[in-house]
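Remarks on the structure that follows.
The values are calculated or read from the model by the stated rules, or taken from the named source; none is laboratory data. Keep in mind that what you see is a predicted model, and the values were worked out from it rather than measured. Note: ideal-geometry Cβ built from the backbone for every residue, glycine included; neighbour counts use all protein chains shown.
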Amino acid sequence: MRILIIEDDHRIANTVKKGLEQEHFAVDVVYDGQDGFDQASVESYDIIILDRMLPGIDGMKVCKNLRKENIHTPILMLTAKSQINDRVEGLDSGADDYLTKPFSFSELVARVRALCRRPKKTIGAIFKVQELMFDPMMFHVERFGEKINLSSREFSLLEYLLRNVNNVVSKDQIIAHVWNYDADVLPNTVEVTVRNIRQKIESPFPNKPQVIETVRGFGYKITE
């Protein structure tokens, strides 16, 4: 899953970025409101972590402007203000959740994961398709009871396909949600990663249905 952090405090932004990457998210960072709005307007993200107090355009205005542009990416707003009316204003501006500084990183991750789950077709927090069990919280994958070890990138790509179960997703969509904005992604990178996943979740079970379907000319699909 791909996250955009809009935070002018470089220390906080870079610390959160590093921590989220260790949790297997792809993360981009910008340090002022205008750049954040521009980035969120042209790139596709699953979550935006938005500081309220920003140079250029403040977080409230960024949030309102994104909603005016019909960009409905879930927004977690960060702020040093803890009064009830401040939180109400943040939510009324279009934010989906609100976290007061200083915050624990574990709480931030829990809120991010909750926002990731909110609009998606899931049963609880665990995906179960074609005897594949995928637990994004525990970074655990198994099929027919056998544990499967995936790299961080393979895990993220498989998670994106599962969150879009029954829908065809293109290579461009996969790149936009699984790799960072400045990542050097070669034309066949997605194909190679999908092939590696298939070798781990399909090849050991030759007489069982395939999990990932290639839709030629369009992309990939997992069907329930």
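If you go through the stretch 65-96 and pick out every residue that is at pLDDT 90 or above and either of a type in the set (Lys, Arg) or assigned to a helix (DSSP H, G or I) (or both), you end up with 2.
Where the second residue is modelled with pLDDT of 90 or more and surrounded by 21 or more Cβ atoms within 10 Å (Cβ to Cβ) and the first is on the phi > 0 side of the Ramachandran plot and lies in the stretch 40-63, which pairs have Cβ atoms under 8 Å and are six or more apart or on separate chains? Note: pairs meeting the criteria are 56/33.
Let's see how each residue does on (1) surrounded by 15 or more Cβ atoms within 10 Å (Cβ to Cβ); (2) over 16 Å from residue 76 (Cα atoms); (3) not assigned by TED's automatic domain parsing to the domain that holds residue 154:
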| position | (1), (2), (3) |
| --- | --- |
| 6 | yes, no, yes |
| 13 | yes, no, yes |
| 18 | no, yes, yes |
| 27 | yes, no, yes |
| 35 | yes, yes, yes |
| 40 | yes, no, yes |
| 43 | no, yes, yes |
| 49 | yes, no, yes |
| 52 | yes, no, yes |
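Check residue 173 against each of (1) among the polar types (S, T, N, Q); (2) in contact with a Phe, Trp or Tyr (Cβ under 9 Å, 6 or more places away or on another chain); (3) over 24 Å from residue 113 (Cα atoms) and name the one condition it does not meet. Just one mismatch for residue 173, condition (3).
Yes or no, residue by residue, for (1) loosely packed, with under 14 Cβ neighbours inside 10 Å; (2) under 26 Å from residue 147 (Cβ atoms); (3) of a type in the set (A, V, I, L, M):
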| residue | (1), (2), (3) |
| --- | --- |
| 186 | yes, no, yes |
| 191 | yes, yes, no |
| 194 | no, yes, yes |
| 200 | no, yes, no |
| 203 | yes, yes, no |
| 207 | yes, yes, no |
| 211 | no, yes, yes |
| 221 | no, yes, no |
| 224 | yes, yes, no |
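Reported count of residues in the stretch 176-219, each being in a loop (DSSP other than H, G, I, E, B) and either at pLDDT 95 or above or at negative phi (or both), is 22. Within the stretch 11-32, residues that are at positive phi sit with their Cβ atoms under 6 Å from residues that are modelled with pLDDT under 95, at 6+ positions apart or across chains, in these pairs: 24/152; 24/155; 24/156. The residues of the stretch 127-152 that are free of Cβ contacts under 8 Å to residues at least 24 places away in the same chain and of a type in the set (A, V, I, L, M, F, W, C), listed by number, are 133, 138.
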